[in-house]
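Right, one structure below, let's go through it.
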Amino acid sequence: MSRHRNLKNMIDEAYEEEYGQDVDYGIEEDELHPDDNEIVNEVWDTVGNNYEKHSIIEALDEVDWVVDDAINLLLVESKRFAKKKGPAKKKDSKDAIKTAPKKDNLPTMSKETSKEEAKETVLKKKDSTDLTPFRKESEDLSAIVKENSKFIDKSKFNNIIPEIPIPPKVESSIKESKNLYVVVCGHVDSGKSTLVGHLLVDLGMVQKQTMHKFEKESTEMGKGSFKYAWVMDERTEERQRGVTIEVGIKQIETKNKNVILLDAPGHQDYVSNMIGGTAQADVALLVVDSISGAFDAGFNRGGQTQEHAILARSMGIESIIVAVNKLDVMHWSKDRFDYISSLVTPFLEEIGYKQENITILPISGLQGDNVFQRSKRPDLGWYDGPSIIEILDGFKLTPKNIKKPLRMVVNSVYQSTTGQAKGLCFSGKVEAGILEKGSKYIVMPSCGQATIKDVFVDDQKANFAIPGDNVVLVVQAKEFDIANFRYGSILCHWDFPMPVAVKFTADIEVFDFERPLIRGERSMIFIGLTKISTVLTKIHHTLKKETGEILKKNPKLLKKGDFASVEIMCERPTAVELFKNYPLLGRIILREKEKTIASGIIKEILD
């Protein structure tokens, strides 16, 4: 009996317990041969409510009733199969499916309703992310990828990427990058933007007239305490609502570092933007509201304090600074600080941060204590540690993959008519390898080409860029096709393009979610700056996290704390990397219903 039939039985049992009788799927399964019914149900469990059952049978007929081939066919040619009306194509002499009578006063499942919806009723699911395979953008990208398929060598997908020689003219000029990317994260209203804004003011980066204007306008709106936050929150909607929406970026200089501050939104509606900022960061600055009630709202289940810490660790950030903010409101209470530390520290260690990489300090973003300079308040005499700036300035940068083939994540594409960088430009961060002026590169997943006319590193013209550099590139216009460039595209070494695939295996860890994960699970996956709809097509086995030892083969579901090998299918061709080659681009985050449900690493690229 198939794994999906076992899942169906599990759902039927739960349904019977809830309603007193079996699920009415609205079809007579006996109309088909029992073996064929089992196959149809297995496909339907995966593809969900985008397809009529007769369309599934038609797809199975075309691929000789091979389950995986049918799933691929349905997803790739969704326009042909999705919600298609008309009679089912019969297989041999078997009858087509007919609709069964509904049962009174019970949730039923007609031909217009999928088994996925029945599962949602039984398991108390809210609406999940709908995977509408290959929408127009997906179809356009698929066509581009197909047209340029000569650049995609599937036989090399799982090869170890070698180191390549650094050009002598570049090697003699290389200086270690001093750039430190810091994502400022935490629960909504914890004071992140206020902290960053006050820091910029203390550094003299904001004119007094501007601050006077912010103070006056914020007071008129009844938001006087937001004056520093407005330094970062520049959009009208952000100021009116008092929440950060986009990731604000500011660069500051300390004695030893160029610090790029990524002020991430704290509201759960904008977690995807927070992930985009975190993907670029070396260290996390987690801002925690110390006020009674506010701390609990952020730290307890459902709050963004915990989720942001988990996301940062899942994206590969190993060091975290915890700023216990608004402690001035709590009269600089050491007891309050110690209480928060006693909860936060064990949690951070539990999710993978080492004790030596956790720093906690008391601050006031509004008053500026322990932000730019150490506080001199007598009632904070119990803390004699460094300020935030001191901690960042002394942070040890991790070695970069300078000898690996180029990978640069594109975060913006635009036409510039002013400044030094004029023409067709795109910007981003170099993650690995050397980027040289005058060289030709390939952009994945679209396989577009780009020859670099000019390179600007931190607004200064340069001949090359190295990992950690924040760059703006001017591209030769005659080769530039805007369709080949989008947020999250990857600029790659011409001879070592990034693999493009729709299916891969990954080792994932399941987080605290309201229900187990099952095959057919739909979620949004984040890879670097790319966000894409996916479906969990297989659960191979659960693993012992510490050793990789297989614990259970073909489990029916995954629950909180499980570590498992799974297969994932994307809605469109996506640029992916093996974790062992490029760790940042080989990490994935899975989210569903505004919750982070799992994270993991890509182990094998399949198709």
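Of the residues making up region 299-311, those that are small (Gly, Ala, Ser) and crowded, with 23+ Cβ neighbours inside 10 Å number 1.
Of all residues in region 280-309, those that are closer than 13 Å to Ala264 by Cα have Cβ atoms under 7 Å from Cβ atoms of residues that are among the basic types (Lys, Arg), 6 or more apart or on another chain, in Gln280/Lys429; Val287/Lys192. Here Ala264, Ala229, Ala279, Ala284 are screened, and the one residue that is buried (at least 19 other Cβ atoms within 10 Å of the Cβ) and at pLDDT 90 or above is Ala284. In region 158-178, of all residues being assigned to a loop (DSSP other than H, G, I, E, B) and basic (Lys, Arg), the one that is surrounded by the most Cβ atoms within 10 Å (Cβ to Cβ) corresponds to Lys178. Considered as a group, the residues in region 427-445 that are surrounded by fewer than 23 Cβ atoms within 10 Å (Cβ to Cβ) and small (Gly, Ala, Ser) include one that is nearest to Ala281 (Cα to Cα), and that residue is Ser427.
Evaluating Tyr487 against the criteria (1) closer than 17 Å to Val409 by Cβ; (2) surrounded by 22 or more Cβ atoms within 10 Å (Cβ to Cβ); (3) not aliphatic (A, V, I, L, M) leaves one unmet condition, (2). Tell me, yes or no, whether region 408-415 has at least one residue that is touching a Cys at 6+ places or on another chain (Cβ under 9 Å), surrounded by 16 or more Cβ atoms within 10 Å (Cβ to Cβ) and either farther than 18 Å from Asp459 by Cα or among the aliphatic types (A, V, I, L, M) (or both). Checked against the condition, which is being touching a Cys at 6+ places or on another chain (Cβ under 9 Å), surrounded by 16 or more Cβ atoms within 10 Å (Cβ to Cβ) and either farther than 18 Å from Asp459 by Cα or among the aliphatic types (A, V, I, L, M) (or both), region 408-415 yields at least one hit.
Among residues that are more than 27 Å from Gly488 (Cβ to Cβ) and crowded, with 19+ Cβ neighbours inside 10 Å, Pro346 is not included. Being over 18 Å from Ser314 (Cβ atoms), touching a residue at least 60 places away in the same chain (Cβ under 8 Å) and aliphatic (A, V, I, L, M) is a property that Ile518 has.
Each residue in region 179-205 was checked for being surrounded by fewer than 24 Cβ atoms within 10 Å (Cβ to Cβ) and among the small types (Gly, Ala, Ser), and 1 pass. Taking the conditions (1) farther than 23 Å from Glu307 by Cα; (2) under 15 Å from the mean Cα position of the chain (by Cα); (3) modelled with pLDDT under 90 in turn, Ala575 satisfies each one other than (3).
Could you say whether any residue in region 146-161 is within 30 Å of Phe496 (Cα to Cα), of a type in the set (Ser, Thr, Tyr) and at pLDDT below 70? Checking region 146-161: at least one residue is within 30 Å of Phe496 (Cα to Cα), of a type in the set (Ser, Thr, Tyr) and at pLDDT below 70. Apart from one condition, Lys376 fits all of (1) crowded, with 20+ Cβ neighbours inside 10 Å; (2) not in a strand (DSSP E or B); the exception is (1).
Selection over region 151-189 of residues that are out of contact with any helix residue (DSSP H, G or I) (no Cβ under 6 Å at 6 or more places or on another chain), of a type in the set (Gly, Ala, Ser) and touching a residue at least 24 places away in the same chain (Cβ under 8 Å) gives a count of 2.
In region 496-521, of all residues being in a strand (DSSP E or B) and touching a helix residue (DSSP H, G or I) at 6+ places or on another chain (Cβ under 7 Å), the one that is nearest to Ala279 (Cα to Cα) corresponds to Val500. Comparison of Asn256, Asn273 shows that the only residue that is modelled with pLDDT of 85 or more and either surrounded by fewer than 23 Cβ atoms within 10 Å (Cβ to Cβ) or farther than 30 Å from Tyr339 by Cβ (or both) is Asn256. Inside region 396-422, can you point out the residues that are more than 19 Å from Pro467 (Cα to Cα) and touching an Asp or Glu at 6+ places or on another chain (Cβ under 8 Å)? Scanning region 396-422 gives Gln420, Ala421. Using the structure shown, decide if Asp296 is at pLDDT 95 or above and surrounded by fewer than 20 Cβ atoms within 10 Å (Cβ to Cβ). In short, no. Remark: Pro405 matches the filter, which requires a residue to be assigned to a loop (DSSP other than H, G, I, E, B), surrounded by 14 or more Cβ atoms within 10 Å (Cβ to Cβ), at pLDDT 95 or above and within 30 Å of the chain's Cα centre (by Cα). Quick check on Lys580: is it more than 20 Å from Ile275 (Cα to Cα), surrounded by fewer than 19 Cβ atoms within 10 Å (Cβ to Cβ) and either out of contact with any strand residue (DSSP E or B) (no Cβ under 7 Å at 6 or more places or on another chain) or at pLDDT 95 or above (or both)? For Lys580, the condition - more than 20 Å from Ile275 (Cα to Cα), surrounded by fewer than 19 Cβ atoms within 10 Å (Cβ to Cβ) and either out of contact with any strand residue (DSSP E or B) (no Cβ under 7 Å at 6 or more places or on another chain) or at pLDDT 95 or above (or both) - is met. Regarding region 527-534, can at least one residue be identified that is of a type outside the set (A, V, I, L, M), under 19 Å from Ile71 (Cα atoms) and in a strand (DSSP E or B)? Yes, because at least one residue in region 527-534 is of a type outside the set (A, V, I, L, M), under 19 Å from Ile71 (Cα atoms) and in a strand (DSSP E or B).
Checking each residue in region 547-592 for being in a strand (DSSP E or B), touching a residue at least 60 places away in the same chain (Cβ under 8 Å), more than 22 Å from Asn158 (Cα to Cα) and basic (Lys, Arg) picks out only Arg591.
The single condition among (1) closer than 18 Å to Ser290 by Cβ; (2) modelled with pLDDT under 95 that Pro362 does not meet is (2). Only a single criterion out of (1) in a loop (DSSP other than H, G, I, E, B); (2) at pLDDT 90 or above; (3) within 24 Å of Ile161 (Cα to Cα); (4) of a type in the set (A, V, I, L, M, F, W, C) is not satisfied by Phe395, namely (3).
The values are calculated or read from the model by the stated rules, or taken from the named source; none is laboratory data. Everything quoted here is computed from the prediction, not taken from an experiment. Positions of Cβ are generated from backbone atoms using ideal geometry, with glycine treated the same way; all protein chains shown enter the neighbour counts.
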